[in-house]
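Asks: Got a structure here, written out as structure tokens. Questions coming.
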Amino acid sequence: IRLKNRTAELAAQLRFEKAEAEAARRAAEAASLAKTRFFAAASHDLRQPLQAMSLFVEALRRRPQAPEAAALVHGIDASLESLDTLFGELLDITRIDAGGVEPRPERLEIRALYTRLRLHLEPLAAEKGLALRFRGERHLAHADPLLVERVLRNLLGNAIRYTDVGGVLVGCRRRGGRLLLQVWDTGIGIDAQSLPRVFDEFFQVRGMRAAPVPDGPGLGLGLAIVRRLCSLMGSEVRVRSRPGRGSVFSFTLPAGAQTGW
Ligand code: ADP
């Protein structure tokens, strides 16, 4: 009987090891597929502005004195800018994934953060006639100011980009020992099917991988970076949305210790 038990035990162990090896093989395969997709999408996005530029250069070479020369140079400028953005974002993702971004938490006044955000984003909102409001500026967080600002600039940039009427509201309130930060917009919203995928690399709801233009649709990397930065800060970014009504993106930060009276 003992021998029989031992044989069964060995067989079970063997099955377990086989299943483990199979799971590891599948995980490696999925990782490799994800990498291939990542490079395919990146190469695609890199080629578009390059191809546009070579058309513009060709046209300039043929007729350097043509009246449309200034417009062609402008087109080259725009392509260069989108290449710069794409390389910057790819570099950000690679650096974060390689462990090269270390958060440096410190006492962070939400009021000061809002001041910096206003400076950068008010002109964009004003250009579209959108209201941009901030709430809860009396709070204090314990977080890396640069990382928080990058997350919020990304979320606010999107909120403004995908909203045509109404406005954008940034909120901050206390929830337990943490602060809940939210960016609300009254924009086009995101359909339920796309919602779980908006944080994926290169994902864009309308699926049109148009050549990125300054302040136009981006490359679909912004929210992938936001997700990584939030996770570096021990948080998770979430989204709720109603098509045609608007969206709200939320994440939390550790609350700072209130000093003073
Ligand atoms: P992009 O550079 O295309 O804005 P993101 O990663 O920042 O890339 O966002 C991915 C996609 O999610 C966008 O292309 C857009 O379709 C959708 N999206 C992001 N933020 C919003 C928002 N506030 N309202 C509606 N759609 C949004």
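Asks: Report those strands (runs of 3 or more DSSP E) wholly inside the range 77-148 carrying at least 2 residues which are among the charged types (D, E, K, R).
Replies: 106-109
Asks: Still on this structure, I have one more. Just give me the residues in the range 129-140 being out of contact with any helix residue (DSSP H, G or I) (no Cβ under 6 Å at 6 or more places or on another chain) and either within 25 Å of R107 (Cβ to Cβ) or modelled with pLDDT under 95 (or both), in sequence order.
Replies: Residues satisfying the conditions are R133, R135, G136, R138, L140.
Asks: Follow-up. Would you mind stating whether V239 is hydrophobic (A, V, I, L, M, F, W, C), under 20 Å from L113 (Cα atoms) and either within 16 Å of the ligand (Cβ to nearest atom) or surrounded by 16 or more Cβ atoms within 10 Å (Cβ to Cβ) (or both)? Before you say what the answer is, go through the steps one by one.
Replies: Details: hydrophobic (A, V, I, L, M, F, W, C): yes; under 20 Å from L113 (Cα atoms): no; either within 16 Å of the ligand (Cβ to nearest atom) or surrounded by 16 or more Cβ atoms within 10 Å (Cβ to Cβ) (or both): yes.
No.
Asks: Restricting attention to the range 136-152, does a residue exist that is open to solvent by 80 Å² or more (accessible area, probe 1.4 Å) and touching a strand residue (DSSP E or B) at 6+ places or on another chain (Cβ under 6 Å)?
Replies: yes
Asks: I'd like to verify a number: residues in the range 88-114 that are open to solvent by less than 50 Å² (accessible area, probe 1.4 Å), in contact (Cβ under 8 Å) with a residue 60 or more places away in the chain, of a type outside the set (V, I, T) and farther than 22 Å from A34 by Cβ, how many?
Replies: Summing the residues that are open to solvent by less than 50 Å² (accessible area, probe 1.4 Å), in contact (Cβ under 8 Å) with a residue 60 or more places away in the chain, of a type outside the set (V, I, T) and farther than 22 Å from A34 by Cβ in the range 88-114 gives 2.
Asks: Given the criteria within 20 Å of the chain's Cα centre (by Cα), modelled with pLDDT of 95 or more, within 16 Å of the ligand (Cβ to nearest atom) and small (G, A, S), does A143 qualify?
Replies: No; evaluated as a whole, the condition is false for this residue.
Asks: Here is a further query. Report yes if Y162 is surrounded by 15 or more Cβ atoms within 10 Å (Cβ to Cβ) and away from the ligand (no atom under 16 Å from the Cβ), otherwise no. Step through it out loud before you land on a result.
Replies: Details: surrounded by 15 or more Cβ atoms within 10 Å (Cβ to Cβ): yes; away from the ligand (no atom under 16 Å from the Cβ): no.
It is false that Y162 is surrounded by 15 or more Cβ atoms within 10 Å (Cβ to Cβ) and away from the ligand (no atom under 16 Å from the Cβ).
Asks: Something else: Scan the range 165-184 for residues that are within 13 Å of the ligand (Cβ to nearest atom), of a type outside the set (V, I, T) and open to solvent by less than 20 Å² (accessible area, probe 1.4 Å) and jot them down.
Replies: G167, Q182
Asks: Give the residues of the range 65-75 that are at pLDDT 90 or above and open to solvent by less than 80 Å² (accessible area, probe 1.4 Å), sorted by residue number.
Replies: A69, A70, A71, L72, V73, G75
The values are calculated or read from the model by the stated rules, or taken from the named source; none is laboratory data. For clarity, every value in this text was computed on a predicted model and none was experimentally measured. Using ideal geometry, Cβ is built from the backbone for each residue, glycine included, and neighbour counts are taken over all protein chains shown. Accessible surface is based on the protein model in full, side chains and every heavy atom, while ligands, DNA and RNA are left aside. Shrake-Rupley method; radii C 1.70, N 1.55, O 1.52, S 1.80 Å.
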